[in-house]
Amino acid sequence: MRRDPVLVTCAVVVAVLLVAAFLPLDAVSTNLAERFAGPSPAHPLGTDNLGRDVLARLVVGTRLSVWFTLVAVVVCAAIGTLVGLLAGYAGGAVGQLLQRVLDVLVAIPTIIVGLVVAAVREPGLGTLAIAVLLTGWTPFARLAYQLTVRERAREYVEGAVALGAGAGRIALVHILPNAIRPLTAHACLRFANVLLSLAGLSFLGLGAQPPTPEWGAMLAEGRQFLFAAPQLVVLPGAAVVVAALVVTLLGRRLDARWSGR
């Protein structure tokens with residue numbers, strides 16, 4: 001099969017982002033004598049208002065911005081897929097109830113949920129996790145439900161039923177393997193949405209707290225120096241956009257490849 005250069009490039013960029021997060025860089029040490037220093041061999045992207053290395057903060061910030069997003073998407077996918085599979089196979093009133101619940105939850109933005117959660121608990125990574133998990137599983141549940149309803153009418157499911165397989169086994173052992181590809185492609189597409197939500201919540205001060213490097217928090221810190229040092233806003237903003245675009249493109253290429261388009 002011919003190798004897709006765009007798919008390979010996206011996969012390489014994602015791998016680099018995930019690995020770079022664990023480079024042993026100092027992203028929190030301050031040096032007021034080097035505030036707003038320009039690019040140099042010691043600081044390729046300069047320093048911020050506290051003399052911290054901007055490149056180091058961007059790279060280390062990947063641990064939260066990319067890894068946290070990845071873990072959140074995987075957990076949401078697991079929860080939503082399980083709920084959608086079981087409800088889709090059960091059908092009837094259970095399926096209708098799930099559809100109504102999803103219609104309500106999908107309409108609630110993650111940012112709004114984050115504000116509500118932050119009102120009853122302190123800002124931090126826990127607030128981010130709760131806000132994402134409360135709403136992030138719903139798109140996966142809807143897709144898994146639709147795929148299960150479609151696959152339930154196939155002959156191999158009828159054969160499994162005739163052999164006495166239970167509903168749980170049919171959903172997890174027979175239907176899930178045939179739904180895993182579209183669910184994986186959908187997870188890549190959802191990555192951008194979750195990443196932007198997390199960055200937005202951190203920008204509002206509800207996520208990672210200073211001096212922890214995180215792209216959304218870096219945007220919030222740098223906005224007061226927008227005209228004096230625009231790179232403090234442009235660079236983390238560009239990191240969010242590039243990561244979101246690359247993973248979204250990866251998801252679209254995987255979907256197109258697996259569907260034969």
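Just a few scattered comments:
- Members of segment 24-38 found to be within 19 Å of residue 215 (Cβ to Cβ) and surrounded by 12 or more Cβ atoms within 10 Å (Cβ to Cβ), listed by number: 25, 27, 28
- For residue 175: the one exception among (1) surrounded by fewer than 19 Cβ atoms within 10 Å (Cβ to Cβ); (2) farther than 26 Å from residue 67 by Cβ; (3) in contact with a helix residue (DSSP H, G or I) (Cβ under 7 Å, 6 or more places away or on another chain): (1)
- For residue 194, the criteria (1) of a type in the set (Val, Ile, Thr); (2) more than 25 Å from residue 100 (Cβ to Cβ); (3) within 17 Å of the chain's Cα centre (by Cα) hold in every case but one, which is (2).
- Any chance residue 217 is in a loop (DSSP other than H, G, I, E, B) and touching a helix residue (DSSP H, G or I) at 6+ places or on another chain (Cβ under 8 Å): no
- Every test in (1) of a type outside the set (A, V, I, L, M, F, W, C); (2) out of contact with any helix residue (DSSP H, G or I) (no Cβ under 6 Å at 6 or more places or on another chain); (3) modelled with pLDDT of 85 or more; (4) surrounded by fewer than 16 Cβ atoms within 10 Å (Cβ to Cβ) is passed by residue 44 save one, and that test is (2).
- Any chance residue 143 is in contact with a His (Cβ under 7 Å, 6 or more places away or on another chain) and closer than 15 Å to residue 84 by Cα: yes
- The residues of segment 94-106 that are over 21 Å from the mean Cα position of the chain (by Cα) and surrounded by 20 or more Cβ atoms within 10 Å (Cβ to Cβ) amount to a single one, 98.
- Qualifying residue in segment 85-93 (condition: free of Cβ contacts under 8 Å to residues at least 40 places away in the same chain, over 25 Å from the mean Cα position of the chain (by Cα) and assigned to a helix (DSSP H, G or I)): yes
- Hits in segment 1-29 - residues which are part of a loop (DSSP other than H, G, I, E, B), free of Cβ contacts under 8 Å to residues at least 60 places away in the same chain and not basic (Lys, Arg): 1, 21, 22, 23, 24, 25, 26, 29
- Subset of segment 202-232 (residues that are under 18 Å from the mean Cα position of the chain (by Cα), of a type in the set (A, V, I, L, M) and modelled with pLDDT of 85 or more): 217
- Filtering 168, 126 for residues that are modelled with pLDDT of 80 or more and part of a helix (DSSP H, G or I) leaves a single hit, 126.
Residue-by-condition table, conditions (1) crowded, with 20+ Cβ neighbours inside 10 Å; (2) over 30 Å from residue 252 (Cα atoms); (3) in contact with a Phe, Trp or Tyr (Cβ under 6 Å, 6 or more places away or on another chain); (4) charged (D, E, K, R):
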| site | (1), (2), (3), (4) |
| --- | --- |
| 5 | no, no, no, no |
| 60 | yes, no, no, no |
| 83 | yes, no, no, no |
| 87 | yes, no, yes, no |
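- Any chance residue 237 is under 14 Å from residue 61 (Cα atoms), assigned to a helix (DSSP H, G or I), touching a helix residue (DSSP H, G or I) at 6+ places or on another chain (Cβ under 9 Å) and at pLDDT 85 or above: yes
The values are calculated or read from the model by the stated rules, or taken from the named source; none is laboratory data. Please read all numbers here as calculations on a predicted model, not as lab measurements. Quick reminder, even Gly has a Cβ in these numbers, built from the backbone with ideal geometry, and neighbours come from all protein chains shown.
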